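No lab work stands behind these numbers, since they all come straight from the coordinates. Bear in mind that the values here come from a model prediction, so they are computed numbers and not experimental data. Cβ placement follows ideal geometry from the backbone for every residue including glycine, while neighbour counts extend to all protein chains displayed.
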Amino acid sequence: MYVPDDFYGAFRNLFLFFPFQENPRLTPPAWALTVEIFFYILIGLGVSKTLRLTVLWFILSILYHVFALLLDLGWSNRYFTIFAASLPFSAGALIFHFKNEIIKFTDGVSSWLYGWLPFIILMFFILNWYIGYLIGSQQGFFFYTNFLLCLLMISTLLGTKKLPFISRDMDKWIGDFSYPVYLFHYQVGILVVFFAGLVGFELHRPDSLLLVVSIPVILLFSWAVSVLFEQPIEKIRSRVKK
């Protein structure tokens, strides 16, 4: 993160164009926004319009990851690039096409068990991460098992109207935090380090203390972004939709 020192760097940051994680990035996760915008355009052009096209897209995405593994193209080419991101986007499109069948299937599951499935899957997420961490394969086998768990979680939540202990309003309130936290945690963390240093309290990255001190500030900042920016924009979007 640093101020762009030429026109090209300023252009990239203004239009969120980072296909290969170029620097500087005033918003470090902006490389992912490049990927998202690319696939939003592609989907708008019809790449997932029919089931047949979506299945073909999904198969090609799998083949890319297979060849990336066989040719040892490295972690960056299996995670950060547009080609790598084709797999989750095509999988999401596939779930969309089968959403009615998935909901019909999950309707046959016991309501008590179904309500707890997301929490059970969450436990598997944590277990999958921890085993991958111990083995040192978080960027290999356990990356793909995490991907499968993501698909399972999304499929489970398709027909879920409510969860135990979490109301719909609470669910939405928590969800509204997710994107601001994702976009701004770097910048807020840097400000926390800076202002803590001014009062003689040194924080370093990476450090658990920085995490603990930063979280309340990040959540407060994310709440402000949600209330002051996202909610007014959402009202405009709703009017446009009508």
| query | Once you sort the root eigenvalues of the Cα gyration tensor of the stretch 135-242 as a ≥ b ≥ c, which label holds: rounded (a/c under 1.5), prolate (a/b larger than b/c) or oblate (the other case)? | reply | oblate
| field | Hull volume in cubic angstrom per residue (convex hull over the Cα atoms of the stretch 47-144) | value | 111
| Gain in length, Ala224 to Lys162, computed as 0.36 nm per residue apart minus the alpha-carbon separation, to one decimal in nm? | 19.7 nm
| request: Can you tell me the dipole magnitude for the chain around its Cα centre, using point charges on the Cβ only (Lys, Arg +1; Asp, Glu -1), in Debye to the nearest 20? | output: 980
| note | The ³J(HN,Hα) series, computed from each phi in the stretch 92-97 with the Karplus coefficients 6.51, -1.76 and 1.60 at θ = phi - 60°, rounded to the nearest Hz and given as x for glycine or proline, is x, 5, 5, 4, 4, 5
| request: Check the chain and count each lysine pair with an alpha-carbon distance under 28 angstrom, considering only pairs eight or more places apart or from different chains. | output: 26
| Which of the trypsin sites (Lys or Arg not before Pro) found in the stretch 109-171 are in a DSSP loop and have at most 15 neighbouring Cβ atoms, other than their own, within 10 Å? | Lys161, Lys162
| For the residue pair Asp171 and Leu151, what label-to-label distance in nm results when each label sits 7 Å from Cα along the Cα-to-beta-carbon direction? | 2.3
| message | 5 Å is the cut-off here: which amide hydrogens, built 1.01 Å from N in the peptide plane, fall below it relative to Phe18, excluding neighbours closer than 5 in sequence? | response | Thr34
| message | Please report the net charge: other residues with Cβ closer than 13 Å to the Cβ of Thr160, K and R +1, D and E -1. | response | +2
| What is the chain's relative contact order, in percent, from Cα pairs under 8 angstrom and six or more apart in sequence? | 15
| Residue-averaged 222 nm ellipticity for the chain, from DSSP H runs of 4+ at -39500 (n - 2.57), nearest 500 | -24000 deg cm²/dmol
| field | Contact order relative to length of the stretch 1-108, as percent, for alpha carbon pairs under 8 angstrom and 6 or more apart | value | 23
| field | Reference-scaled alpha-carbon Rg (2.2 N^0.38 Å with N residues) for the chain | value | 1.16
| Which ³J(HN,Hα) values in Hz, rounded to whole numbers, follow from the phi angles of the stretch 205-221 under the Karplus curve 6.51 cos²θ - 1.76 cosθ + 1.60, where θ = phi - 60° and Gly and Pro get x? | 10, x, 6, 5, 5, 4, 4, 5, 6, 6, 3, x, 5, 4, 5, 5, 5
| request: Work out from phi, with θ = phi - 60° and the Karplus expression 6.51 cos²θ - 1.76 cosθ + 1.60, the ³J(HN,Hα) of each residue of the stretch 49-64, listed in order in whole Hz, and give x for Gly and Pro. | output: 5, 10, 5, 4, 5, 5, 4, 4, 4, 5, 5, 4, 5, 4, 4, 4
| field | Charge dipole of the stretch 168-241 about the Cα centre (unit charges at C-beta), most positive-ward option of Trp173, Pro232, Ile218 | value | Pro232
